[in-house]
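Structure first, commentary second.
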Amino acid sequence: MICNRRRVGLCAMMALISVSVWAQGPGPGGPPQSPKAGAPVEMTGYWVSMVVEDWKYRMLPPTKVKSPPPGIFGGGIGVPVNPEALKVAMAWDPAKDEAAGDQCRSYGAANIMRVPGRIHITWQDEQTLKIETDAGMQTRLFHFGAAQGSGGDWQGVSQATWESLEGFQIPGLGRLSGLGSEKTGSLKVVTAKLKAGYLRKNGIPYSANAVLTEYFDVATEPDGDTYLLITTTVEDPVYLLQPYQTTTHFKKQSDAAGWSPSPCTAR
Amino acid sequence: MNKITGIVTSALLMSAAAYGQGLGFGAPISSNSGIDISGSWSYGGDQDADYGTAAGAVADYGGIPLNEAGRLYALAWDASRMTVRQQQCAGYGIPYAYYSPGNFRFWEERDPHTQQLIAIHMWFQTSEVRRTIWMDGRPHPPAYAAHTFAGFSTGKWEKNVLTITTTHLKRAWLRGNGIPSSDEATVVEKLVRHGDRLTVFTVTKDPVFLDEPYSKTMINLRNIKDPTAWLYACEDGEEIVGRSDGKIPNRLFGKNPYLREYADKNGVPLLGTLGGGATVHPEFTAKLKNPAAAETEAMAETVPSHGPQQASRAVNPDPNDGEIHVLKVQGNVYMLVGDGGNIAVQVGDQGAFLVDSGEGKLSDRVVAAVNTLSPHPIQFVVNTSFRPDHTGGNANLEAAGEDPSLPGSFFGGQAPTGATGFFQDPAHHATLIAQNNVLIRMEGAKLSNAMIPADTYLEKRRRKYHNGELVEIFYQPNAITDGDSIVQFRRSDVIATGDIYDTTRYPVVDLKSGGTIQGEIDALNNILEKTGYEHDEDGGTMIIPGRGRLSDEYDVAEYRDMISIIRDRVQAMLDAGATLDQTKAARPTADYDTRYGAISGPWTTDMFVEAVYTSLKQNAPSQIRRK
């Protein structure tokens, strides 16, 4: 049916019926789908990091920050740190971290996706997506629904949602905001309650008050190559002048080839 | 509010209340769009802070999957190359344009009657890139169409992701330190909006300069206020006064004095700075654990390997399907593709004016194609050289044509008894024109009179006012042969170059027929003396090459730069006493072979290197050397 101005009333009514039906969920009387069952995109499997962004800082052994000026453009180090953070970074001592058993300070949630290596994504249960890393052998748990755990460790507590377009598309009328939503395929993860760690291996710090917001998207190329894109914002009232924004990407592997668990290293 | 609208609104309100949420009409989106990205954005990421626009040190290629050709091209790059006139205002390719600081803007173009999305336009501030992303499902142009810095882009929404596919890009930069992307590259972008963040993911596939796809992400932030600055105009000037047009700044292989500068300053192992597919993958860290081995491997990467020799990986722009393909160039001029060399056709209220006649295998189809463009017969055919792929159709096109300027004239009735070919009945044939050496060489080859231009010229310029514009034919002495011409259509602003410029291979410098490498470089510079660009080295004067795709000034300059740089390398080897075999073994064309090289066929890379070597040796120490 073409919804023209003469038929606007009828079209609107039909649209409302559609909304009403849609609002009931997957079927008459059926329970809502679990996050796993309702996942709009397949993220599980093995992925290898493509070390392109900030290559120098990620791929090479860390070098101590000397004395760059702080600034919103990172003062030459690419992180918008404040003077206090610079002090901490300039005092970085990997031996001290090792002695304290803190070799994993750069493997915390705010940096672990930047560490070259492979990740393995699985569903731990219907409500929890799990990411394991071979570099540093870390595990991140993304909980859909209420956040779980008390945090205070390297990976903190992560709450996940499938991102949606606000509103609902009404054929012929457009999008009605506030009327439900439409999943886009993006996974949004907010992580807090972290143990203080490093944004880079060379001791650029983030505090326990840091909050990490990540969007995970899957992009498939015409030739079938599939990539995982991670858009990350770190907000840290203690050490950052403004949110620290990065993007990172991984390429999908067909199997576990190259998976090589290795412990954290401070150097 | 009329009665019906009121009822509908009430119903909506009730329904929304029942659903338990607020109500409002959000921004409408069309049936073929996902997320609205209209508005202005700025690069917002903190990563890669060292690489905005013209930045990056020499030999800072880590994380870029350069192949041997790409690495050598970058190592041969000299920052002074940017002072060459055609480089000064060169545009930014995709994805490089995203790295420019400043703002960029999207806006939609919609059909005024249906409101269907036709295109999304982009404008990048500091790089002044104009870009159109076609959203209406149109196909990409054929391979023989022109390229631009922004390329030809088509887009498609998939939920909140805009996927853009771009082809027809020019040879541009991946980073402002000489890392090249070729005109064979294709780029697929994914634009994902998350609130006021726009993640841009690009995958560049470049068979010429990359080992594997180059994937990269970046983040952009939405500007709440419209930025006040949107322009960054460029006009080229005389940056190095007195430098010859034929001198292109470059570094000889293995002689870049800044090779280690970045590595030493940043404590980066040299192997890491040279890029390559391996540097993108986590396993690369293991390679660096043996510094001696890494150093040896790095040094080997700074000069051409011992082989094997590489052939062009470029798509052949000639469809080779037995058809003649017509491409509108601009003004009154068209390009015909399919019968060997390209044919230029100028039409108007007089007879058609052609440049070259192709191989002659498809002459009937050439004539048919010309007939679709002009109601008048072919009147003139200029041969840019004597080569068979440009003169093979001479007899057929001459016979199919007519020169209305001759009937009733003195010449039209003066055919001597026993005359053959054109001279038997000149009025009822097209007139073939060429530089006089073409006639001499074709006569020497004992070709039939019908094949041989009867109307020849000897001096620098031949001119005709035809079809409403001045057509000038310029002699280019000792370029690929001793009888080369280029043809300029002044009002249409088109130049047909013959084989002096060929996008499919190294120039076929035919020493036995009078060609020289310096004459070839001079001829390319002569072409560039007559050209201009419309915007940031795109458009303006259009160039029809002897073979290959439609081009413009920048494309010709890149070709000229290549030949000049290769000449310098061969000359340096000659100066060092290298033999021809040693010169060939050193692979002085290694950074261009994946684009122009051949290891078999009528014009191999070895034959080209031999032509350069021999030409330079014959002329040494000629005053024209390194002109």
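The values are calculated or read from the model by the stated rules, or taken from the named source; none is laboratory data. Here the structure is a predicted model, which is why all the values come from computation and not from measurement. Note that each Cβ is placed from the backbone with ideal geometry, even for glycine, and that neighbours are counted across all protein chains shown.
Test residue B:528 against the criterion of being surrounded by fewer than 24 Cβ atoms within 10 Å (Cβ to Cβ) and over 18 Å from residue B:147 (Cα atoms), and give yes or no. No: the conditions fail for residue B:528. Can you go through A:110, A:89 and tell me which one is of a type in the set (A, V, I, L, M) and within 22 Å of the chain's Cα centre (by Cα)? When all the criteria are applied, what remains is A:110.
Just so you know, in segment B:264-298 the residues that are of a type in the set (D, E, K, R) and either touching a strand residue (DSSP E or B) at 6+ places or on another chain (Cβ under 7 Å) or part of a loop (DSSP other than H, G, I, E, B) (or both) include one that is nearest to the other protein chains (Cβ to nearest Cβ), and it is B:283. The C-beta contact set for segment B:221-247 (first residue of a type in the set (Ser, Thr, Tyr), second residue at pLDDT below 90, distance under 6 angstrom, 6+ apart or interchain) comprises B:232/B:126; B:244/B:627.
Scanning segment A:201-250 for residues that are charged (D, E, K, R) and crowded, with 21+ Cβ neighbours inside 10 Å yields A:201, A:214, A:217, A:236. Of the residues screened, residue B:213 is one that is touching a strand residue (DSSP E or B) at 6+ places or on another chain (Cβ under 7 Å) and either assigned by TED's automatic domain parsing to the domain that holds residue B:92 or free of Cβ contacts under 8 Å to residues at least 24 places away in the same chain (or both). Does any residue of segment B:274-281 turn out to be among the aliphatic types (A, V, I, L, M) and modelled with pLDDT under 95? Within segment B:274-281 (the criterion being among the aliphatic types (A, V, I, L, M) and modelled with pLDDT under 95), the answer is no, since none of the residues qualifies.
Residues in segment B:195-219 that are basic (Lys, Arg), facing chain A (nearest Cβ under 7 Å) and within 19 Å of residue B:178 (Cα to Cα): B:216 alone. Residue count for segment B:56-76 under the criterion of being away from every other protein chain (no Cβ under 14 Å) and in contact with a strand residue (DSSP E or B) (Cβ under 7 Å, 6 or more places away or on another chain): the result is 5. Taking segment B:472-491 as the range and being buried (at least 24 other Cβ atoms within 10 Å of the Cβ) and under 18 Å from residue B:354 (Cβ atoms) as the test, the residues that pass are B:483, B:484, B:485, B:486, B:487, B:489.
Among the residues of segment A:115-130, the one identified as more than 14 Å from chain B (Cβ to nearest Cβ), of a type in the set (A, V, I, L, M, F, W, C) and either surrounded by fewer than 18 Cβ atoms within 10 Å (Cβ to Cβ) or assigned to a loop (DSSP other than H, G, I, E, B) (or both) is A:123.
When the strands (runs of 3 or more DSSP E) confined to segment B:314-383 are screened for residues that are within 26 Å of the chain's Cα centre (by Cα), those reaching at least 2 such residues are found at B:325-330, B:333-337, B:343-346, B:352-355. In this structure, does residue B:261 turn out to be away from every other protein chain (no Cβ under 11 Å) and free of Cβ contacts under 8 Å to residues at least 60 places away in the same chain? No: the conditions fail for residue B:261.
Yes or no: segment A:96-114 includes at least one residue that is of a type in the set (A, V, I, L, M, F, W, C), under 30 Å from residue B:99 (Cβ atoms), assigned to a loop (DSSP other than H, G, I, E, B) and touching a Gly at 6+ places or on another chain (Cβ under 9 Å). The answer is yes, given that some residue of segment A:96-114 is of a type in the set (A, V, I, L, M, F, W, C), under 30 Å from residue B:99 (Cβ atoms), assigned to a loop (DSSP other than H, G, I, E, B) and touching a Gly at 6+ places or on another chain (Cβ under 9 Å). Contact annotation: residue pairs with Cβ atoms under 9 Å, 6 or more positions apart or on different chains, pairing a residue in segment B:36-52 that is within 12 Å of chain A (Cβ to nearest Cβ) and part of a strand (DSSP E or B) with a partner that is surrounded by fewer than 19 Cβ atoms within 10 Å (Cβ to Cβ) and of a type in the set (A, V, I, L, M, F, W, C), are B:42/B:221; B:43/B:221.
Across segment B:475-491, the number of residues qualifying as aromatic (Phe, Trp, Tyr) and within 25 Å of residue B:349 (Cβ to Cβ) comes to 1. State yes or no: is residue A:156 assigned by TED's automatic domain parsing to the domain that holds residue A:210, surrounded by fewer than 18 Cβ atoms within 10 Å (Cβ to Cβ), under 22 Å from residue A:240 (Cβ atoms) and at pLDDT 95 or above? No; evaluated as a whole, the condition is false for this residue. For residue B:192, are the conditions met, namely being within 12 Å of chain A (Cβ to nearest Cβ), touching a strand residue (DSSP E or B) at 6+ places or on another chain (Cβ under 8 Å), without any contact (Cβ under 8 Å) to a residue 60 or more places away in the chain and of a type in the set (A, V, I, L, M, F, W, C)? Yes; evaluated as a whole, the condition is true for this residue. For segment B:53-107, a residue qualifies if it is acidic (Asp, Glu), closer than 18 Å to residue B:260 by Cβ and either under 25 Å from the mean Cα position of the chain (by Cα) or assigned to a strand (DSSP E or B) (or both), and exactly one does: B:78. Among the candidates A:52, A:41, the residue that is modelled with pLDDT of 95 or more and within 14 Å of chain B (Cβ to nearest Cβ) is uniquely A:52. Tell me, yes or no, whether segment B:152-164 has at least one residue that is assigned by TED's automatic domain parsing to the domain that holds residue B:121, outside any strand (DSSP E or B), buried (at least 23 other Cβ atoms within 10 Å of the Cβ) and modelled with pLDDT of 95 or more. No, every residue in segment B:152-164 fails to be assigned by TED's automatic domain parsing to the domain that holds residue B:121, outside any strand (DSSP E or B), buried (at least 23 other Cβ atoms within 10 Å of the Cβ) and modelled with pLDDT of 95 or more.
The set of residues in segment B:165-175 being more than 12 Å from chain A (Cβ to nearest Cβ), in a strand (DSSP E or B) and either within 22 Å of residue B:197 (Cα to Cα) or not β-branched (Val, Ile, Thr) (or both) consists of B:169, B:172, B:173.
Being polar (S, T, N, Q) and free of Cβ contacts under 8 Å to residues at least 40 places away in the same chain is the filter here, so list the residues in segment B:510-540 that pass it. Passing the criteria: only B:531. Between B:173, B:230, B:134, the distinction of being within 20 Å of the chain's Cα centre (by Cα) and of a type in the set (A, V, I, L, M, F, W, C) belongs to B:173 only.
Each row is one residue, and each column tells you yes or no for (1) among the hydroxyl-bearing types (Ser, Thr, Tyr); (2) at pLDDT 95 or above; (3) under 30 Å from residue B:601 (Cα atoms).
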site	(1), (2), (3)
B:307	no, no, yes
B:315	no, yes, yes
B:354	no, yes, yes
B:376	no, yes, no
B:382	no, yes, yes
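Among the residues of segment A:131-145, those identified as assigned to a strand (DSSP E or B) and under 14 Å from residue A:112 (Cα atoms) are A:131, A:132, A:133, A:135, A:139, A:140, A:141.
Kindly check whether there is at least one residue in segment A:228-246 that is within 9 Å of another protein chain (Cβ to nearest Cβ), at pLDDT 95 or above, over 12 Å from the mean Cα position of the chain (by Cα) and closer than 15 Å to residue A:116 by Cα. Within segment A:228-246, not a single residue is within 9 Å of another protein chain (Cβ to nearest Cβ), at pLDDT 95 or above, over 12 Å from the mean Cα position of the chain (by Cα) and closer than 15 Å to residue A:116 by Cα.
For residue A:165, indicate whether it is more than 9 Å from chain B (Cβ to nearest Cβ), under 24 Å from the mean Cα position of the chain (by Cα) and either at pLDDT below 90 or assigned to a strand (DSSP E or B) (or both). For residue A:165, the condition - more than 9 Å from chain B (Cβ to nearest Cβ), under 24 Å from the mean Cα position of the chain (by Cα) and either at pLDDT below 90 or assigned to a strand (DSSP E or B) (or both) - is not met.
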